[in-house]
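Just below is one structure, and these are the notes that go with it.
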């Protein structure tokens with residue numbers, strides 16, 4: 001059985017690795033040994049170019065699969081929207 005603290009440590013290591021590669025604000029989530037990575041829109045191409053390196057490092061942390069979330073959208077304040085259909089908050 002995997003302990004919560006092990007998962008937290010692995011997530012931190014994965015996030016640090018991605019930041020070291022130059023990704024500004026990687027959004028990571030883990031479910032059943034699958035690591036899902038959300039990036040800023042302009043960083044997706046860079047992630048694809050560095051796919052082999054990213055997959056190798058993430059798998060070395062114990063994850064079985066690595067996925068790239070193409071649905072996360074960033075808005076000007078740096079917050080995430082899970083669905084492109086969600087309206088932006090309006091400010092007065």
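Read the figures in this text as sums done on the coordinates, not as results from a lab. Please read all numbers here as calculations on a predicted model, not as lab measurements. A quick note on method: Cβ atoms are made from the backbone with ideal geometry, for glycine too, and the neighbour counts reach across all protein chains shown.
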Practice problem: May I ask you to sort 64, 33 by Cβ crowding, counting other Cβ atoms within 10 Å and putting the fewest first? | Solution: 64, 33
Quiz item: Hey, rough spin-label estimate for residue 11 and residue 49, points 7 angstrom out along Cα→Cβ, what's it come to in nanometres?
Solution: 3.0 nm
Quiz item: Going highest first, how would you order 34-43, 47-56 by mean Cβ packing within 10 Å?
Solution: 34-43, 47-56
